[in-house]
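What follows is one structure encoded as structure tokens, with my remarks underneath.
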Ligand SMILES: *Cc1c(COP(=O)(O)O)cnc(C)c1O
């Protein structure tokens, strides 16, 4: 009996061949493969620029850093995310302010964002949880504030579209969008990430910060360009580059994103059909959308009704060879955040309620129909 994890990559012969070929490239890093991957991502999502990076964490960090603002600004974000989202605010000295979620979607509540944005906020980092976009076009206050910078954490959401029809990553209502290519995400480069933007100056800053803050273009020097050896370190940057080997894998994976997305959709619909009538759980995505690349399938389970703890449920599923996971422990509950900021859990009633019920069951395109059936049967057998 094979083990079915909650998420995993799908690597095929084409991916193997692409990586093998990239290993023969004279430039193992910073070569044409990286540029080609960046162009392909930009084209796929409809953005002007793309910067490929070593991870989404690096991308979130660089995007906040490239705002060029100094500490003490307030950054609004979702508590229902991986810690990397709000950590990116901390790296640059920003103060995170968490906004309660809509427990139906796992996304930040748009109405609460609208009122919070009316204050002095300068950064907003929406997280498109499970692939479902936060509808940035519906933000009232964002339209009026030129100071507000929106950086989307789209780690879950490459392939998804807003209701307007624009792709996540097009940055039609934001400064920048960050993607992750970690193996559990919608497509993978092993480790990896990317930022898209339509702002040329911001793009140049990202390129520089990705590589130690070093500028090599003669036209962009602060001082006299002394000769062919000359470069300038103009800002304090990092080494957040992606290798050509990863980019070659990413290009091959990107060519299959539409197929990955439709298989994810099929599985979501099968789960909805099989599980939505059960009274002790709530299925996500009650209103299924064909234009969303579903990344996670999060059940909300009434554990008291089935007289089992979440840990016992996870153990029972595991005994049947099925992985499950909690997305996410609310970030304000993490010891580091509690010690430093002393958040009150009671300020986030919807997030707390959601956290007490959530459990992600397997969703990835390489699942067979038989795998899906096994998961369905195991869930039904819990009560
Ligand atoms: C995976 C993930 C990240 C971090 O991505 P890495 O590429 O692993 O750095 C950030 N935010 C969210 C919401 C994620 O799911």
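A short reminder: the numbers here are calculations on the coordinates, not readings from a lab. Computed from a predicted model, the values in this text were never measured in an experiment. Reconstructed Cβ throughout: ideal geometry from the backbone, glycine too, with neighbour counts over all protein chains shown.
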Quiz prompt | Cα radius of gyration and Dmax for the range 39-195 (Å) | solution = 14.2, 40
Quiz item: In what sequence, highest mean first, do 335-342, 245-252, 173-180 appear when ranked by Cβ atoms within 10 angstrom?
Solution: 173-180, 245-252, 335-342
Practice problem: Give the relative contact order (percent, whole number) for the range 207-329; include only Cα pairs under 8 Å separated by 6+ residues. | Solution: 16 percent
Self-check item: Values of log10 I(q)/I(0), in the order q = 0.11 Å⁻¹, for the chain under a Debye, Cα-only, solvent-free model
Solution: -0.80
Practice problem: Compute the separation of the alpha-carbon centres of the range 260-320 and the range 324-383 and state it in Å as a whole number. | Solution: 11 Å
Practice problem: Compute from the Cα atoms of the range 242-383 the Rg and the Dmax, the latter being the longest Cα-Cα distance, and quote both in angstrom. | Solution: 17.7, 52
Quiz prompt | Antiparallel %, DSSP beta bridges [both residues in the range 64-181], to 5 | solution = 15 percent
Quiz item: Under the definition of Cα pairs under 8 Å and six or more residues apart, what whole-number percent is the relative contact order of the range 262-383?
Solution: 34 percent
Exercise. Using only alpha carbons, build the gyration tensor for the range 152-197 and give me the equivalent ellipsoid semi-axes, biggest first, whole Å.
Key: 19, 11, 6
Self-check item: Cα convex hull volume per residue for the range 222-320 (Å³)
Solution: 247 Å³
Quiz item: Based on DSSP, what percent of beta bridges with both residues in the range 120-262 are antiparallel, to the nearest 5?
Solution: 60 percent
Quiz item: Out of the DSSP beta bridges found with both residues in the chain, what percent are antiparallel (nearest 5)?
Solution: 60 percent
Quiz prompt | 0 to 90° range, to nearest 10: angle between helix 200-210 axis and the chain longest Cα axis | solution = 80 degrees
Quiz item: When only C-alpha pairs under 8 Å and at least 6 residues apart count, what is the relative contact order of the chain, in percent?
Solution: 22 percent
